[in-house]
Each structure stands twice: as structure tokens, then as C-alpha cells.
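A quick write-up on the structure given underneath.
The values are calculated or read from the model by the stated rules, or taken from the named source; none is laboratory data. Being a predicted model, the structure only gives us computed values, none of them experimental. Heads up, the Cβs are rebuilt from the backbone with ideal geometry, glycines too, and the neighbour counts pull from every protein chain shown. Calculation scope for accessible area: heavy atoms of the full protein, side chains included, ligands and nucleic acids excluded. Shrake-Rupley method; radii C 1.70, N 1.55, O 1.52, S 1.80 Å.
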Amino acid sequence: MSDYQRISEQLDDIANAREEGRRKMDWAAQHMPILEHVRDEFTADRPFEGERIGMAMHVEAKTAMLVETLAEGGAEVAITGCNPLSTHDDVSAALDSHDNITSYAKRGVDDEGYYAAIEAVIDHKPTITVDDGMDLVAAIHEDYPELIETIIGGAEETTTGVHRLRAMDEDGALEYPVFAVNDTPMKRLFDNVHGTGESSLASIAMTTNLSWAGKTVVVAGYGYCGKGVAKKASGQNANVIVTEVEPRRALEAHMEGYEVMPMAEAAAVGDVFLTTTGNRDVIVDEHFEKMQDGVLLANAGHFDIEIDLDALAERSVDHYEARDGVDAYEMADGRRLNVIAKGRLVNLAAPISLGHPVEVMDQSFGVQAACVRELVDNGDDYDAGVHDVPDELDTEIAEIKLEAEGVEFDSLTDTQREYMDSWDQGT
């Protein structure tokens, strides 16, 4: 068994931390009608009685509401962070006070502590995994394969994690079913676009106290997250440049009115660079050489590999903290390149970041909860591998949200449904 301590054993003033964490969670709960609906259902039905759910997530107030929802459904939940800088210790402490929840998440741990906490979660022998980035799934397959036989399945929240899972699946290495929550419409259309766009820009603005108006913002990648960042930056009167490697997305950005160019060109004209690709080495040494004094470098991808910080450190003659959450790298010619949140996920890792808006995460976590329920109810229907979220589950969450918002919408008539299902009604 792991000897890694739960968060309650790592903090000095645990009572105050729990109180403050609960206050944050109560605020989030007021604005999460989907999870409130699902939680009431789970509390009544207790669908997860006897299940052990292992989680590696961004442990903050909104995530905490998902964790408690699963625990109130009867599960024993063990959770840790999925990023060393995204945990809110007070929220982690509040979760750890729940009878059915053990939290190991702590902000600012080093790599050794990060993976030790994941191992502590795995020591609970989870029957279901809920992941954000796939580190938990990877650790189980690499180091604890004996547990796979008793795991019903899992759910993966983020773009990067789904990419890793699909690569693992293609290699024949993924040995239990995992739902690609990131790929479902209720996640991509809202969490990725509006959530990433709003929270990334807000975190950068609050961390730097600088305006977007009139700045040239270079958005690396025009997937759903990149689209959101570009749209929100343009809406705040920034000039937006998009860099892409996929020709159709590059063309889409061009047709949306953005300037599209290679990063090698954009490096010389950008004021703010924000990576959203999920890939490594997006901004590298050749780009640093061309950048203007005072540029901001930030990452909205899951891992801190999109900006080559080793190359930046090697090129610089001085490195210092310019303000909380901003590391300045001074070049030999006097230029200063500023990295926000150490190149980690900027909307969660910057000192005052709060992640995606509450209402957006209510939708994504509603889908997560529905996927866990589906695994318990129908897990035998899914073979090992990556699975799309059943459309009816995604639609169910949308309907709960619309009802909570008081929004009514049309439905198909029988005649319309028959027409859509037929092939023989031509001109």
C-alpha cells in the first residue's frame, strides 16, 4: 500500500481549509443545475453502491461537485490532481472530509509527488476511472495491469487525453473501455469553445493586468479550443493570427476572417502567443529569436510541452519572476519574453486562475456523470477501446440544461420523423 498522505494530513489548518473549500463549492453548486438534477437522481437510486471510482482531475470547486455527486450515488471515490498547479488545497480538504471520498490532491507538488498521489489513488483498486489527461489510465496499464480485469471502464475529459487514448487503442494496448467525453457535442461546443476561450483570456488578463484591445494575439491551433480563444480575443478587440498544420482548419480560420500564417512568421509580429494544440514543440528556439520585447507566452493545452521552456532558458541570460505567475526570460539583446503559469494550463495553473466558467463545466461534468452511470448499467456492452458517448446521454444532459434555463424547443412530428428515417421519398 502507498504511504502517500491524504490532503487532510498535509495541511496545518485543516478546519479553516475545509470551511473555505466548502464555501467555494457551495457557490459553484448554485450555478450547476445539471449536476443538481443528476445528484438528486443518484442519491435516490444509489447506482454506484459497491463501486470504487479513481479520479485524476483538476481539483477545484466545480470538479468537487462532480466528485460529491458520484459519492452521493454510493461510490467510494479516491481523487488526485491531473496538473501540479491546478489543485485548490482548500477544496481538496473539503472533499477529503466526506465519508466516501479520499483526496490526495495538493497544489505545487513535484513530479515525484504527482505520480505518488496517482499511485495512492490506484491503491484503492478502482473499478471505474475518471481521467483528465490519461495519466491515471496510463499508470494502471503500465504498472498495475493486474487491476484491469476488475475495471468496468472509464471516462476521459480532455482533448489531450483522448488523443493519447486513441493512440493507445490503435496500438492494441488499451484493455478496458473508455468513453471519449471530450469528443461529444456537449463538451466540445461549450467547454472547449466557450470555456477555454473565456477562461484562458481572463486568466491572462488578471495575471498580467494588461488589456487585449489592439494587441496581436497569435493562436496556435484552430481546433475547438483554438476557435474559442480566437473568437473571444477578437471580441475584445484584439487582432488575431492563427497558425495551423491542418489545411482544412487553416482554411476555416481564413474564411472566418483571421490572418493565417506559419509560426515562423507570426513570431515576429505577435504580442501574445497562446498554444491550444495538445502537441509538443509548437513554439521553439527559432521563434524566440524573432519575438518582440515584452511578449506574453501562454499555453491552453493540457501538458507543459507546447512551449520549449528548456530552449528558452538556454537562450536567456537572466530569468526572474516579473510578477506573480509571470516568469521573465531576458535575452542577450535585452528583450524580455514572459511566460505565464510556467507554460502549464493557463486557465488553471496561473495564481488566480479559476478554470472554466461554472455553467460550462456543469454541462461537461453532467456528461461525465452520465457516462459513469452507463458503465455501471451497461458496461458489458462495451469492448476494450475508446468509445463515443452514446448520443442519447449527451442529449439527456442538453435537455436538463434547457429545462433549467426555462428554454423550450421544438420536437419532430411523427410525419417528420418518418421522413427523416426513409429513403424512398424523393422529389
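A few comments on the model shown:
- Take every Cα pair under 8 Å whose residues are at least 6 apart in sequence, average their separation, divide by the length of region 190-322, and the relative contact order is 22 percent.
- Centroid-to-centroid separation of region 123-147 and region 389-409 [C-alpha atoms, Å]: 31
- Annotation: His319 carries an accessible surface of approximately 100 Å², with a 1.4 Å probe and no ligand, DNA or RNA atoms counted.
- Taking a span of 20 Å or more along the helix axis (Cα atoms) and a mean Kyte-Doolittle hydropathy of at least 0.0 as the rule, the DSSP H helices of the chain that qualify are 358-378.
- Computed P(r) (all Cα pairs; region 288-364; 5 Å bins; percent): 3, 16, 24, 23, 15, 9, 5, 4, 2, 0
- Secondary structure note: in the chain, about 20% of the DSSP beta bridges are antiparallel.
- Sites Glu41 and Arg248 - FRET efficiency at Förster radius 35 Å, r taken between beta-carbons, to 0.05: 0.30
- Theoretical FRET efficiency, 1/(1+(r/R0)^6), r = Cβ-Cβ of Ala205 and Asp380, R0 41 Å, to 0.05: 0.25
- Listed residues Ser316, Ser2, Ser200 arranged by accessible area, highest first, probe 1.4 Å: Ser2, Ser316, Ser200
- Taking each residue as 0.36 nm, the span from Glu399 to Asp143 lengthens on full extension beyond its C-alpha to C-alpha distance by 88.1 nm.
- Accessible surface of Arg249 - all protein chains present, 1.4 Å probe, nearest 10 Å²: 110
- Global form of region 15-142, assessed from the alpha-carbon gyration tensor, a/c cut-off 1.5: oblate
- Spin-label model, Glu321/Val269: points 7 Å from Cα along the beta carbon direction are separated by 3.7 nm.
- Per residue value of the accessible surface for region 106-244 (all protein chains in place, 1.4 Å probe), Å²: 36
- Qualifying lysines (Cα of each under 18 Å from Cα of Lys290; at least 8 residues distant if same chain): Lys215
- Between region 70-101 and region 171-243, the alpha-carbon center distance in angstrom: 26
- Proximal lysines to Lys106, defined as alpha-carbon separation beneath 17 angstrom and excluding residues fewer than eight positions away on the same chain: Lys24, Lys62
- Gaussian network model of the chain, Cα within-10 Å springs - most flexible of Asn239, Asn378, Asn279: Asn378
- Cut-off 10 Å between beta-carbons: net charge of the residues surrounding Ala350, Lys and Arg +1, Asp and Glu -1: +1
- Sorted largest first, extent of region 229-365 alpha carbons per principal axis (Å): 44, 32, 28
- Relative contact order of the chain, taken over Cα pairs closer than 8 Å and 6 or more residues apart, is 16 percent.
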